[in-house]
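Throughout, read-outs are computed from the coordinates displayed, never taken from laboratory work. No experiment lies behind these values; they were computed from the predicted model shown. In this analysis, Cβ positions are derived from the backbone assuming ideal geometry, glycine residues included, and neighbour counts consider all displayed protein chains.
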Ligand SMILES: Nc1ncnc2c1ncn2[C@@H]1O[C@H](COP(=O)(O)OP(=O)(O)OP(=O)(O)O)[C@@H](O)[C@H]1O
Ligand SMILES: [Mg+2]
């Protein structure tokens with residue numbers, strides 16, 4: 001495996017209050033890593049530090065083997081590190097197409113690649129093509145979320161960090177967004193996705209769980225998803241696409257056993273197999 005992002009001893013806080021007190025983790029190139037944890041665990045703080053919005057107090061952040069801690073967000077976007085921030089911050093008075101174009105500002109000299117990126121975004125999210133002249137502020141919440149992800153992709157990232165992609169979305173829409181994250185990853189972009197929805201685990205190669213500013217679990221998405229005990233310990237149970245990672249009743253034993261022995265549906269397909277299928281499907285754009 002090759003490590004794209006290496007975090008060592010990262011300390012960050014607000015004012016005089018520390019939040020992250022020396023966390024370490026690696027992000028593998030070409031993989032999807034999910035960062036889970038309850039409200040206030042420090043997820044947004046972590047991606048904020050990686051994307052340059054927050055200045056680290058200590059520790060190092062290395063990307064492609066070079067130190068990037070302390071760089072400003074535009075310099076990071078330039079290197080290929082792009083954040084899709086929490087709360088879908090689109091420009092409400094600009095059209096969908098204008099919002100997407102703004103995402104490519106730092107890469108404006110790479111015309112041909114941007115044309116491809118734009119086509120890809122419209123292919124991932126056909127609704128955005130349909131609504132390309134509509135003011136972003138009048139899109140539905142889910143559509144704005146898609147636009148926020150699309151705008152991030154327009155900066156041609158090597159690493160895209162998506163903070164709470166499914167927040168406020170219906171279960172079906174959350175699933176749609178996660179499936180597109182699979183495609184984005186299959187198309188070659190490394191993904192860090194912050195979530196409270198454990199449904200994302202089906203779409204993750206690697207999982208990190210944060211608690212009170214610390215990483216309390218690291219493993220594969222599949223291990224965390226299939227290990228009832230693990231999931232209950234770190235996330236309070238639950239395994240539906242829509243389920244938040246907060247305590248909720250675990251299934252009755254009979255129900256759990258039935259779920260465990262049910263034949264694998266495409267939804268239960270392990271992450272590695274889903275991805276190779278997505279790759280085999282080849283370059284999108286013909287449908
Ligand atoms: N601008 C800020 N000023 C002061 N404290 C902050 C600020 N932003 C976050 N914090 C604090 O830092 C801690 C971690 O917050 P963070 O936003 O990283 O959590 P999170 O895991 O993203 O939570 P959520 O799931 O609710 O988005 C919390 O205790 C929060 O109150
Ligand atoms: Mg957050």
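When both segment 84-142 and segment 1-63 are represented by their alpha-carbon centers, they are found 27 Å apart.
Could you tell me the calculated FRET efficiency between residue 119 and residue 172, based on Cβ-Cβ distance and R0 = 25 angstrom, to the nearest 0.05? Using R0 = 25 Å, I get an efficiency of 0.50. Each of residue 95 and residue 67 was given a label point 7 Å from its Cα along the Cα-to-Cβ line. The distance between the two points is 4.6 nm. Applying 0.36 nm per residue to the separation of residue 102 and residue 16 and subtracting their alpha-carbon distance, the gain on full extension is 27.5 nm.
Assuming a ≥ b ≥ c are the square roots of the Cα gyration tensor eigenvalues, decide whether segment 91-141 counts as rounded (a/c under 1.5), prolate (otherwise, with a/b larger than b/c) or oblate. It comes out oblate by the Cα gyration axes.
Most tightly packed first, judged by the mean number of other beta-carbon atoms within 10 Å of their residues, the peptides 48-60, 66-78, 112-124, 153-165 read 153-165, 48-60, 112-124, 66-78.
Shape class of segment 22-98 from the Cα gyration tensor (axes a ≥ b ≥ c, square roots of the eigenvalues): prolate, since a/c reaches 1.5 or more and a/b is larger than b/c. Normalised by the number of residues in segment 83-156, the mean separation of alpha-carbon contacts (under 8 Å, six or more apart) gives a relative contact order of 54 percent.
May I ask you to list the residues of segment 191-206 whose amide nitrogen lies under 14 Å from a point 7 Å from Cα along the Cα→beta-carbon direction of residue 218? Counting backbone N atoms under 14 Å from the label point, the list is 206.
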